[in-house]
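Note sheet for the following structure.
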Amino acid sequence: MLSFDLTDEQQLLKDSVERFIERSYPFDKRRKASKSEEGYSREHWKQFADLGWLAVGLPEDQGGFGGAREVAVLMEAFGRGLVTEPWLASVLLAGGTIARAGSAAQQEELLGALVAGESVLAFAHGEPRSRYDIARVETTAKRSGDGWALDGHKAVALNGDSADRLVVSARTSGKARDRDGICLFVVDPRGKGVEVRGYPTNDGGRAAEIRLAGAAGTLLGEEGQAYPVIEETIDRAAAAVCAEALGLMAVLNAMTLDYSKTREQFGQKIGAFQALQHRMADMFVALEESRSLADVYMADVDSPDKAERQRAVSALKVQCDKAGRLVGQEAVQLHGGIAMTDDYQASHYFKRLSIIARQFGDMDWHLDRYAALTQ
Amino acid sequence: MKITYTAEEESFRQSVRAFIEAELDPGTRRKVLNGLNMSKQDYVGWHGKLASRGWSCPHWPDEHGGAGWTPMQHFIFDDETSTAGAPGMMPFGPDMVAPVIWTFGNEEQKKQHLPGILSGEVWWCQGYSEPNSGSDLASLRTKAERDADHYIVNGGKTWTTLAQWADWMFCLTRTDSSGKKQEGITFLLIDMKTPGISVHPIITMEGGHEVNQVIFDNVRVPVANRIGEEGKGWTYAKFLLGYERSGMAGIPQAKRALARLRAIAADQEDADGTLADNPRFRRKMSDVEIQIVTLEATMLKLLAQQVQGKTPGPEASFIKIRGTEIDQHLTELTMEAVGPYVAPFAPEALDTGWNEEPIGPDYAAPVAPGYFNTRKVTIYGGSNEIQKNIIAKHVLGL
């Protein structure tokens, strides 16, 4: 049966995260944290742990709970607050790969500390020439003593500069673009042969270029079999940023509507102009359609049927990127000059939407995949 | 369009090319071609070189220092300078206030101001928008009160582009608020060094400082600096907007942006080769190229009329609409071409003298800031919604 309603547990999670965003995550605080060295607040991270959010989407035997819908509840609220804490990088991406590939001992060690808020993780997979191609891994791993030595360059690793441990993909066989031969390793970013170059990102977060030169890595899971794990993790991340986009769009629509009711030009509120009314109606429709799609298809992200999962994720990403583009651009245009400024919040929401469109597969990439899955 | 050039035109092209080769500063050129931050000197230096050749304001009437070119010569000049990476002209002096001065100003004002604009020694800024008067420009409230042979100006302007570099401002002020809002506006030329003027930076979303708020606190402006009649400023302001908007086609910049996009696409790997080989992306680039040549054809027609002395009218509005839409489309396609490397925020990489290793490909750093910043073009100069109102009212008669 199709149910759009949240379960009681999901509703509790939603209430708790929305309350936090509303009461404890004011824009000026977020802004200050975003400009700090790590790009987020360790104090907030501790609160996330206390509230149980660092366990969302992780396996129950590691203290985790929930699936794609719970992730979506969290991410939508994070979108509303323009949250910069590394939940996506740490819990969903790095934590997700460990949960899917790691041994019981690895899960216990790494996820336990993650859920407790004691350890921040990051996922280093993309490479300078890979764009959105998940199999394009050129970083290599060779046996070295009883461990592994990694060489390569990982690009735009989200929050890679504040992580205590990195989950890194590398190849032990095959050539770039082969699905076989890809492995995952746990790497200490402070270890020998690891160079981390952190930088701020255009959406107020942080990322890093990571260069590995004989860096020591511990194999996570089976050798050469990591492709499906990485693919599923990136699918889940794509769905998660779609949920985040819903929150971002909701705020932009509300701000635009509010502004149109207060800003006067030509002796009337600008919201009285029919040309602008129609455009705000389009923004409303774009968000509502995206929300409906997410409500119905988000559960399919948990489907054991890979094709079903990927169709749902790609449909979501295409729709949310399209809607996010419309809402983001129109919000700036309808506000006028004020939304061009760094001081005004709308510009920051617009920027985040613009970067989401370039993460975890862009619209064309997902359209191609969707088309291939619906022969 | 197949353009055939006469021998004279071909030789003109060669002389433009030779001039650029000899005179364009390599540092300036590098910044233009790579979308890096420009200094005032980049603009002023190139303007000065052009002025010494008599080419700084070629579209001006001959008696004020124009080059007397044919439309085709203008076309060739724009094409060559843009391809070579010469900076665009800042429009405020040459394209905006100068036509107002030679059309409505007195002899004294022409003598005082036109030479400095022609030579590039005097930088102008535009005092039009106010915090509560954007699209509804005529509602402006910056007050100018007569005190013997001076006006005393109080109030403030906003979105003033590069006011931090400006020597003079042309400014719309209110001298009478008793009648219709379009009446009672007076067009003043204000020396930015006058006591009581303060310039406050506005940081835009990409992190740049281009626009400002300018506050007037009892600023004394000689009545001699008034253009035309008191209370008739709206007429001059609208005349100027026609010039401003037709100058917004931005075809040279669009061609340069397209060339940069093609180069980026050729560098980005795709499943079977590069993004430039991907049929879908090729179609997107071709689509925008067709939009550019279409606008160029329109501009050529308009330019021919302008050379015959016709003032740009409401048709300038559609040039502004299309030119700015194309700009935005190009910055968005460039975001798409660069992919995940649009994320790093590296403002220092846009400054001269920065020589650390770039994050990702060396063309990536200006791309997202360029996309963000270019959202302004459909807002400024009369938003595109206002341009559509002008077309509906003055062209379609609705």
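Since every read-out is calculated from the coordinates, none of them should be taken as a lab result. Just so you know, these numbers come straight off a predicted model, no measurement behind them. Reconstructed Cβ throughout: ideal geometry from the backbone, glycine too, with neighbour counts over all protein chains shown.
What trypsin sites (Lys or Arg not before Pro) in the range B:101-192 are in a loop by DSSP, with at most 14 other Cβ atoms within 10 Å of the Cβ?
Listed in order of number, the matching sites are B:Lys180.
Just to be sure I understand: with springs between alpha-carbon atoms less than 10 Å apart, which residue in B:Asp167, B:Asp270, B:Asp25 has the highest mean-square fluctuation in the Gaussian network model of chain B?
B:Asp270
For the range A:130-143, what does the Karplus curve 6.51 cos²θ - 1.76 cosθ + 1.60, with θ = phi - 60°, yield as ³J(HN,Hα) per residue in whole Hz, taken in order and with x for Gly and Pro?
7, 6, 10, 7, 5, 8, 7, 10, 10, 4, 10, 10, 10, 5
Sort by residue number and report every cysteine in the protein assembly as shown with no other cysteine beta carbon within a distance under 4.7 Å.
A:Cys183, B:Cys57, B:Cys125, B:Cys171
Identify, among A:Ala294, A:Ile270, A:His335, the residue whose Cα sits farthest towards the positive end of the charge dipole of the range A:228-373, taking +1 on the Cβ of Lys and Arg and -1 on the Cβ of Asp and Glu, with the dipole about the Cα centre.
Of the options given, the answer is A:Ile270.
Once you charge only the Cβ atoms, +1 for Lys and Arg and -1 for Asp and Glu, what is the size of the charge dipole of the range B:7-89 about its Cα centre, to the nearest 20 debye?
For this selection, approximately 460 debye.
About its Cα centre, what dipole magnitude does the range A:121-225 give when the only charges are +1 on Lys and Arg Cβ and -1 on Asp and Glu Cβ, stated in debye to the nearest 20?
Numbers: 16 positive and 15 negative charges, 48 e Å.
Its charge dipole is roughly 240 debye.
Please report the net charge: other residues with Cβ closer than 13 Å to the Cβ of A:Gln225, K and R +1, D and E -1.
Value of the local net charge: -3.
Between the range B:20-35 and the range B:182-203, what's the alpha-carbon centroid distance in Å?
Cα centres, the range B:20-35 to the range B:182-203: 33 Å.
Grab the DSSP H runs of chain A that are 4 residues or longer, score each as -39,500 (n - 2.57), total them, divide by all residues and round the 222 nm result to the nearest 500 deg cm²/dmol.
-16000 deg cm²/dmol
With the dipole of the protein assembly as shown worked out from charges on the C-beta (+1 for Lys and Arg, -1 for Asp and Glu) around the Cα centre, which of B:Ser56, B:Val100, B:Gly45 lies farthest toward the positive end?
Result: B:Val100, furthest along the dipole toward the positive end.
Could you tell me which trypsin sites (Lys or Arg not before Pro) in the range A:31-104 are loop residues by DSSP with no more than 15 other beta carbons within 10 angstrom of their beta carbon?
A:Lys35
Choose one of B:Asn218, B:Met205, B:Gly228: the residue whose Cα lies farthest towards the positive end of the charge dipole of the range B:192-247 (beta-carbon charges +1 Lys, Arg; -1 Asp, Glu; about the Cα centre).
B:Gly228
So how strong a dipole does the protein assembly as shown carry about its Cα centre when Lys and Arg Cβ are +1 and Asp and Glu Cβ are -1, to the nearest 20 debye?
That gives the protein assembly as shown a dipole magnitude of about 1600 debye.
Please list 3J(HN,Hα) in residue order for the range A:182-190, calculated via the Karplus relation 6.51 cos²θ - 1.76 cosθ + 1.60 where θ = phi - 60°; whole Hz, with x for glycine and proline.
8, 10, 10, 10, 9, 10, 7, x, 8
Mind listing the phi-derived Karplus ³J(HN,Hα) values for the range B:59-66, rounded to whole Hz, using 6.51, -1.76 and 1.60 with θ = phi - 60°, and x for any glycine or proline?
7, 5, x, 3, 5, 9, x, x
Tell me the mean residue ellipticity at 222 nm calculated for chain B from its helices only (DSSP H runs of n ≥ 4, each -39500 (n - 2.57), averaged over every residue, nearest 500).
Only helices count here, giving -14000 deg cm²/dmol.
For each pair in B:Lys49/B:Lys238; A:Lys269/B:Lys193; A:Lys322/B:Lys31; A:Lys154/A:Lys322; A:Lys317/A:Lys351; B:Lys157/B:Lys310, compute the distance between the two Cα atoms and list the pairs where it is over 27 Å. Could you put the intermediate results ahead of the total?
Numbers: B:Lys49/B:Lys238 31 Å; A:Lys269/B:Lys193 37 Å; A:Lys322/B:Lys31 33 Å; A:Lys154/A:Lys322 29 Å; A:Lys317/A:Lys351 17 Å; B:Lys157/B:Lys310 31 Å.
Pairs exceeding 27 Å: B:Lys49/B:Lys238; A:Lys269/B:Lys193; A:Lys322/B:Lys31; A:Lys154/A:Lys322; B:Lys157/B:Lys310.
Give a quick list of GluC sites (Glu not before Pro) in the range B:301-397 that DSSP marks as loop, anything other than H, G, I, E or B, with at most 15 other Cβ atoms within 10 Å.
Passing both the DSSP loop test and the Cβ count: B:Glu356.
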